[in-house]
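The values are calculated or read from the model by the stated rules, or taken from the named source; none is laboratory data. Remember, predicted model here, so these are calculated numbers, not experimental data. Here the Cβ is made from the backbone with ideal geometry for all residues, glycine too, and neighbour counts use every protein chain on show. These accessible areas exclude ligands, DNA and RNA; they are computed on the full protein's heavy atoms, side chains included. Shrake-Rupley method; radii C 1.70, N 1.55, O 1.52, S 1.80 Å.
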Amino acid sequence: MVDYFFLVLSVMTVGAAIIALESRELVYGAISLVVSLLGIAGLFILLDATFLAMLQILVFVGAVSVLIIFVVMLVRREKWVSVPSGYGRVAGLLVSILLIAGVGYLAMNSGIATMFPSSNSVPSYVDIGIKVLSDYWFPLQILGLVLASAVIGALTLAKFEGAEQ
Amino acid sequence: MDTFEEFLKRVITIAFWLLLLGPVIVLPIILLVLPQFGVPVEVANRFLIALINPLGMLQFIDSLGLGPSSLFFKIAAFPGFTFAALFATLVILYERKLLAKMQNRVGPLYAGRFEGILQPIAELFKLIFKELLTPEKADKPFFWAVPFLAIAVGGAFLALIPLSPEIYIAKSEIGLVIIFAILSFTPLIVLTAGWASANKFSFIGGLRALHQLVSYEIPLILSTIGVVMLSGSLDLMKIVQAQASMWFILPQFIGAAVFFVTMLAELERIPFDLPEADSELVAGWYTEYSGMHFGALQLANYIKLYGFSVLFTLLFLGGWNGPAILPPLAWLFMKLFIVISFILVIRGTNTRIRIDQLIKLGWVYLIPLAFANIFIALAVASLGIV
């Protein structure tokens, strides 16, 4: 049963991602991006990580993709068809192969051999919270600083835009 | 021209004759034909007995796994969809009568003998028989998908809201997070509806709804953090249990106020009904929807109103807690009645605010208030009051 779900979700995720890249109509591309992100949330649920799945929906479907669709809908009259040069295409291919190989290598060596949990105790959201606030407090601070600097940068750009007009 | 009552009378008469004549013609056919196809005679007999005897019918349904204790019944009927839809129609009637009384009108009066009590059913029939129009330039798949998606989000929202310790559909350790995750689909649906209609009123309404929903989602989530901190759980059952001695509206008054205001904005009700501003945008993002499409969107909206009111009751008003002279469900519905009346009274007494006031209220006042509320919760929890 789980295998079938996994198959359906994988096809949904990868297929929708391909449509998102290849679709001529930008809005359809954006919507299929949402479908792809939902597929990833489903994969999280299969891994017993319901909390992460819900955060995935909350952040990526509820916020990020809405902003993407918003931007895409505002510019729908124009056609953005850019043909990359041969050099750029080869470079893109190389970078993506390297990326996939690196992530695959890390995943193979991380000790995750099966999608079934080794023990019966699935870490709950309480454990995640305790870990984030005790062991991983430093990355949390860094993340906060990065987000704050991004917000300040966006505000600065918006202010400059207004000043020129 | 006949009245709605005469129409109902005719429908009931036709149904009566069908029910009377149907068995006389259909039963012998079933008895003769079914054994020919290898159906055991006992099953056919049980079905036929069940048709005549209501109690036997109940047992037959139970034996199919569709009885009152089954998951299907819960989802489809009692705490789930049918109940919420009926409740929503009652709320529509109550809203129209209450607003009429507040504005010195009579409101619906003619359908049904008493005070227009059948008006929602009359309107349901009207909507069902109306033609479904699709604009020529609309994006048809998305245009047709939106009402179904809206109903689906409303139904999924309902599934996670318990009504009493026994009456619930699904319970989860992280129920509150799942509810917010489901609600975060709303801006996507609204924006798609506005875009797919290929109408400028719809699109402007969709953009306004997007601004409103995205900026009010943040205070909505932040205002519940205080409750989660005080009860130490994201499970709605445990949150209600934690309020046995004191309702969270007392230590969390600011949080409750912020939640109530953002709730009005999420439901797109006056004073935050800019997305559907009827005097300037026709009907906002659902301008192009007609017939039962419109009905489905309205139903989804009122189901969400019901869900949000129950959620407010569970989070801040102690849910089904109360003296044991009444059953838990009665306490819940009394509180629910008060919350819904409050929402409707606000609709009757306020005007629509401007979009800049809306955005300013959200980002400048509600979010800092929600943060202040979190610190109050921290102080209350560390002093050990709750």
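Within 11 Å of chain B (Cβ to nearest Cβ) and modelled with pLDDT of 85 or more, is that true of A:Val14? Let's see the steps before the verdict.
Details: within 11 Å of chain B (Cβ to nearest Cβ): no; modelled with pLDDT of 85 or more: yes.
When the stated conditions are applied, A:Val14 does not pass them.
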The residue that is nearest to B:Tyr365 (Cα to Cα), considering only those in segment B:227-276 that are of a type in the set (Asp, Glu) and in contact (Cβ under 8 Å) with a residue 60 or more places away in the chain, is B:Glu266
Residues located in segment B:119-142, provided they are open to solvent by 40 Å² or more (accessible area, probe 1.4 Å) and not in a helix (DSSP H, G or I):
B:Lys130, B:Glu131, B:Leu132, B:Leu133, B:Thr134, B:Glu136, B:Lys137
Count - residues of segment B:162-181 that are more than 8 Å from chain A (Cβ to nearest Cβ) and open to solvent by 10 Å² or more (accessible area, probe 1.4 Å):
7
Residue count, segment B:174-214, condition closer than 24 Å to B:Ala84 by Cβ and not polar (S, T, N, Q), comes to 18
Against the conditions (1) of a type in the set (Gly, Ala, Ser); (2) open to solvent by less than 40 Å² (accessible area, probe 1.4 Å); (3) in a helix (DSSP H, G or I), where does B:Ser233 fall short? Just the number, please.
(3)
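For segment B:179-205: of the residues being aromatic (Phe, Trp, Tyr) and in a helix (DSSP H, G or I), which is farthest from B:Phe157 (Cα to Cα)? Spell out the reasoning first.
We begin by selecting, within segment B:179-205, every residue aromatic (Phe, Trp, Tyr); these are B:180, B:185, B:195, B:201, B:203.
Filter once more, so that each one left must be in a helix (DSSP H, G or I): B:180, B:195, B:201, B:203.
Working: B:Phe180: 9, B:Trp195: 25, B:Phe201: 28, B:Phe203: 26 Å.
Ranking the qualifying residues of segment B:179-205, first place goes to B:Phe201.
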Which of (1) open to solvent by 10 Å² or more (accessible area, probe 1.4 Å); (2) more than 9 Å from chain A (Cβ to nearest Cβ); (3) not in a loop (DSSP other than H, G, I, E, B) does B:Leu220 not meet, given it meets every other one?
(1)
In segment A:17-34, residue nearest to B:Phe142 (Cα to Cα) [restricted to those that are within 13 Å of chain B (Cβ to nearest Cβ) and open to solvent by less than 30 Å² (accessible area, probe 1.4 Å)]:
A:Val27
Please determine whether any residue of segment B:332-350 is over 16 Å from B:Leu236 (Cβ atoms), over 13 Å from the mean Cα position of the chain (by Cα) and part of a loop (DSSP other than H, G, I, E, B).
yes
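Would you confirm, using the coordinates I've provided, whether B:Gly112 is at pLDDT below 90, more than 22 Å from B:Tyr286 (Cα to Cα), open to solvent by less than 40 Å² (accessible area, probe 1.4 Å) and part of a loop (DSSP other than H, G, I, E, B)?
Yes, satisfied.
With B:Lys130, B:Lys101, B:Lys137, B:Lys97 as the choices, which residue is within 22 Å of B:Ala193 (Cβ to Cβ) and modelled with pLDDT of 85 or more?
Details: B:Lys101 fails: within 22 Å of B:Ala193 (Cβ to Cβ); B:Lys137 fails: modelled with pLDDT of 85 or more; B:Lys97 fails: within 22 Å of B:Ala193 (Cβ to Cβ).
Unique residue meeting the criteria: B:Lys130.
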Quick check on this structure: which one of B:Asp273, B:Asp356 is open to solvent by less than 50 Å² (accessible area, probe 1.4 Å), acidic (Asp, Glu) and at pLDDT below 90?
B:Asp273
Of the conditions (1) of a type outside the set (Val, Ile, Thr); (2) in contact (Cβ under 8 Å) with a residue 12 or more places away in the chain; (3) open to solvent by 10 Å² or more (accessible area, probe 1.4 Å), B:Gly194 fails just one. Which one is it?
(3)
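With the structure loaded, tell me whether B:Phe248 is outside any helix (DSSP H, G or I) and open to solvent by less than 10 Å² (accessible area, probe 1.4 Å) or whether it fails that test.
Numbers: outside any helix (DSSP H, G or I): yes; open to solvent by less than 10 Å² (accessible area, probe 1.4 Å): yes.
In short, yes.
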Go through B:Ser184, B:Ser202 for me and flag whichever is more than 8 Å from chain A (Cβ to nearest Cβ) and open to solvent by less than 10 Å² (accessible area, probe 1.4 Å).
B:Ser202
Which pairs have Cβ atoms under 8 Å, sit 6 or more apart or on different chains, and link a residue in segment B:359-381 that is crowded, with 18+ Cβ neighbours inside 10 Å and modelled with pLDDT of 90 or more to one that is aromatic (Phe, Trp, Tyr) and not in a helix (DSSP H, G or I)?
none
Scan (1) modelled with pLDDT under 85; (2) surrounded by fewer than 20 Cβ atoms within 10 Å (Cβ to Cβ); (3) within 11 Å of chain B (Cβ to nearest Cβ); (4) under 17 Å from B:Leu210 (Cα atoms) for the single condition A:Ile69 breaks and write down its number.
(2)
Verdict on B:Gly322 being surrounded by 14 or more Cβ atoms within 10 Å (Cβ to Cβ), out of contact with any Pro (no Cβ under 7 Å at 6 or more places or on another chain) and not in a helix (DSSP H, G or I)
yes
Just checking, how many residues over segment B:183-204 are farther than 20 Å from A:Val61 by Cα and aliphatic (A, V, I, L, M)?
2
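Mind listing just one residue for me: the one in segment B:236-245 that is touching a helix residue (DSSP H, G or I) at 6+ places or on another chain (Cβ under 9 Å) and open to solvent by 10 Å² or more (accessible area, probe 1.4 Å) and, of those, nearest to the other protein chains (Cβ to nearest Cβ)? Spell out the reasoning first.
Our first condition is that a residue be touching a helix residue (DSSP H, G or I) at 6+ places or on another chain (Cβ under 9 Å); within segment B:236-245, this holds for B:236-243.
Add one more test, that the residue is open to solvent by 10 Å² or more (accessible area, probe 1.4 Å), and what stays is B:237-238, B:241-242.
Values: B:Met237: 16, B:Lys238: 12, B:Gln241: 17, B:Ala242: 16 Å.
Checked segment B:236-245; the qualifying residue nearest to the other protein chains (Cβ to nearest Cβ) is B:Lys238.
Could you tell me whether segment A:55-62 includes any residue that is open to solvent by 80 Å² or more (accessible area, probe 1.4 Å), modelled with pLDDT under 90 and within 23 Å of B:Phe157 (Cβ to Cβ)?
Keep residues of segment A:55-62 that are open to solvent by 80 Å² or more (accessible area, probe 1.4 Å), which gives A:60.
Right, trim to modelled with pLDDT under 90 and you get A:60.
Now drop any that are not within 23 Å of B:Phe157 (Cβ to Cβ), which leaves A:60.
Yes, segment A:55-62 contains at least one residue that is open to solvent by 80 Å² or more (accessible area, probe 1.4 Å), modelled with pLDDT under 90 and within 23 Å of B:Phe157 (Cβ to Cβ).
Test B:Ala145 against the criterion of being over 22 Å from B:Asp273 (Cα atoms), without any contact (Cβ under 8 Å) to a residue 60 or more places away in the chain, buried (at least 18 other Cβ atoms within 10 Å of the Cβ) and more than 15 Å from the chain's Cα centre (by Cα), and give yes or no. Break it down into steps so the answer makes sense when it comes.
Details: over 22 Å from B:Asp273 (Cα atoms): yes; without any contact (Cβ under 8 Å) to a residue 60 or more places away in the chain: yes; buried (at least 18 other Cβ atoms within 10 Å of the Cβ): no; more than 15 Å from the chain's Cα centre (by Cα): yes.
Here the answer is no, as B:Ala145 does not meet what is asked.
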